[in-house]
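Input: a single structure, listed below in structure tokens.
The values are calculated or read from the model by the stated rules, or taken from the named source; none is laboratory data. Just so it is clear, the structure is predicted and the values come from calculations on it, not from any experiment. No Cβ is skipped: glycine too gets one built from the backbone with ideal geometry, and neighbour counts run over all protein chains shown. Ligands, DNA and RNA are stripped out before the accessible areas are found, and what is left, the full protein with its side chains, is counted by its heavy atoms. Shrake-Rupley method; radii C 1.70, N 1.55, O 1.52, S 1.80 Å.
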Amino acid sequence: MAAGSAFLALAGPVGWTIAGVSVIASGLMFLKTKSDKERLENIYTLISDRDVKSYELAIVELSERIKRIVDEAGKLEAAIIKIETFGTDYNQMAKEQQYELGAYVNLMEAATMLLVNPILGLQPKFSEQDFDKVCAVETETFRKYFKTRRNMVISMANLLFKITLDDKDKKLLAKSLRKNKEFLESVQMTKKEFGIEDITMIERALTHRYKFRTY
């Protein structure tokens, strides 16, 4: 169940990656100069490379851990057969049986976490909980800004997590996003409302996020 829940949670980062990268890529058509297009393509590449590395690492870790789980699965099968003789009333079990049952439960949890931990590393890097923490430590003015743009802040923070942009990059990205109707509709903003200052605010939110947890 724990592994299943973690897999379902992957809808978050997969969604941000595919949707976010496609948004940036679609912005290329609005740029006139080759240098500007190359800059935006570089942002696209940085985001893609970041996520590919995360998934590659998870695949390697899962492959290694699956081998360990195969071994532990044999131990669990033997344990299941043995504990069937213990009965269903924990209080009626002998002390030795209670200790042994506890050891088997720990073994099962350990086997589960072998799969879950690599998957958890793929979840969105900027969660709703992170957003709430940012709002809690911000001044009233900034807190008001974040709360009125909650969807945009969370989605863009996940898109730009660990991505360094200079002023030219921010300007081009903002220009491409302003002309993307699908993006504006998803974050419930208008063309006039979104600009380079919003990307600067995303970076502000991410600065807080980096302080909360390290990776």
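Per-structure values
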{"quantity": "Accessible surface of the stretch 20-157, 1.4 Å probe, proportion on carbon and sulfur as whole %", "calculated": "57 percent"}
{"quantity": "Gap separating the Cα centres of the stretch 114-130 and the stretch 154-215, nearest whole Å", "calculated": "21 Å"}
{"quantity": "Exposure rank, largest accessible area first [THR88, THR148, THR33; 1.4 Å]", "calculated": "THR88, THR148, THR33"}
{"quantity": "Sites LYS75 and VAL52, calculated FRET efficiency, Cβ-Cβ separation with R0 45 Å, nearest 0.05", "calculated": "0.80"}
{"quantity": "Residue list for the stretch 44-79, given a label point 7 angstrom along the Cα-to-Cβ vector of MET93 and an amide N cut-off under 11 Å", "calculated": "none"}
{"quantity": "Reference-scaled alpha-carbon Rg (2.2 N^0.38 Å with N residues) for the stretch 59-100", "calculated": "1.63"}
{"quantity": "Of LEU76, THR45, ALA58, farthest towards positive along the dipole that unit charges on Lys, Arg, Asp, Glu beta carbons give the stretch 40-90", "calculated": "LEU76"}
{"quantity": "Cα gyration tensor category, rounded, prolate or oblate, for the stretch 33-170 with a/c compared to 1.5", "calculated": "oblate"}
{"quantity": "Three-way shape call for the stretch 110-215 based on the alpha-carbon gyration tensor, with the a/c threshold at 1.5", "calculated": "prolate"}
